[in-house]
Amino acid sequence: MSLQTATLAGGCFWCLEAVFLRLRGVEKVVSGYMGGQVDAPTYKQICNGDTGHAEVVQISFDPAQISYADLLEVFFVIHDPTTLNRQGNDVGTQYRSAIFYHDAEQHAAAQAAIAALTAEHAFDAPIVTEVTPAPTFWPAETYHQGYFDANPYQPYCMAVVAPKVRKAMAKFARQIK
């Protein structure tokens, strides 16, 4: 099996990680930081919004089981790609919508997905998702990894993460492990 990597930002990485971990063909999801100017940033630095990093998930997936286009479809369902530097009450550049592509095929797929969603007027406002080459990925601190599964009754998880997981599991039932 030859795994590929996808890196996506769409608000809090706990939400994204919890959804993508449940998809068939996804072997590993690591929460982290990407797209900023500081080497080895910490969560505290990211939260201050001074580093330019986005909270991201780096997904290792088997393209024979789930395509990059399928991952993008899930991505655009579980976050709002029309709000600049914001997802719900989470506000700041660290919560921006972004696709960090790893090769020309991913770049083309991201552009095609955005063009298709725009053409079908899938959203009431323009998509502001940034599409840029993937720079260095910095894994988040250990306590962020698997956060939702380890803390399902934490208030943020109950109010924000759980509804996204339920929505994805209902909409993409055929792709759930």
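Before moving on, here are some points about what is shown:
- The residues 22, 166, 96, 174, when put in order of fewest to most other Cβ atoms within 10 Å, stand as 174, 166, 22, 96.
- Phi-derived couplings, Karplus 6.51 cos²θ - 1.76 cosθ + 1.60 at θ = phi - 60°, listed residue by residue for region 62-74: 9, x, 6, 10, 8, 8, 4, 4, 5, 4, 5, 4, 4 Hz, with x used for Gly and Pro.
- Counted residue by residue at 0.36 nm each, then reduced by the alpha carbon distance between them, the extension gain from residue 84 to residue 125 reaches 13.7 nm.
- Order of 114, 78, 99 under a 10 Å beta carbon neighbour criterion, fewest first: 114, 78, 99
- Evaluated over the chain, the count of Lys pairs having alpha-carbon atoms less than 20 Å apart is 4 (only pairs 8 or more residues apart or interchain).
- Computed over the chain, the percent of Cα pairs more than 19 Å apart is 54.
- Label-point separation in nm, residue 158 to residue 40, each point 7 Å along Cα→Cβ: 3.8 nm
- Among the GluC sites (Glu not before Pro) in region 86-160, those located in a DSSP loop and surrounded by at most 12 other Cβ atoms within 10 Å of their own Cβ are 120, 141.
- 20 Å reach of a label modelled at residue 141, 7 Å along Cα-to-Cβ, counting backbone N of region 28-51: 30-51
- Contact order relative to length of region 4-175, as percent, for alpha carbon pairs under 8 angstrom and 6 or more apart: 31 percent
- Interchain or long-range residues, amide H under 5 Å from residue 33's placed H: 56, 138, 140
- Added length on full extension, which subtracts the Cα-Cα distance from 0.36 nm per residue, residue 102 to residue 169: 21.4 nm
- When the alpha-carbon atoms of region 61-117 are used, the pair Rg, Dmax equals 12.4, 37 angstrom.
Throughout, read-outs are computed from the coordinates displayed, never taken from laboratory work. Quick caveat: nothing in here was measured; it's all calculated off a predicted structure. Backbone-built Cβ (ideal geometry, glycine too); neighbour counts: all protein chains shown.
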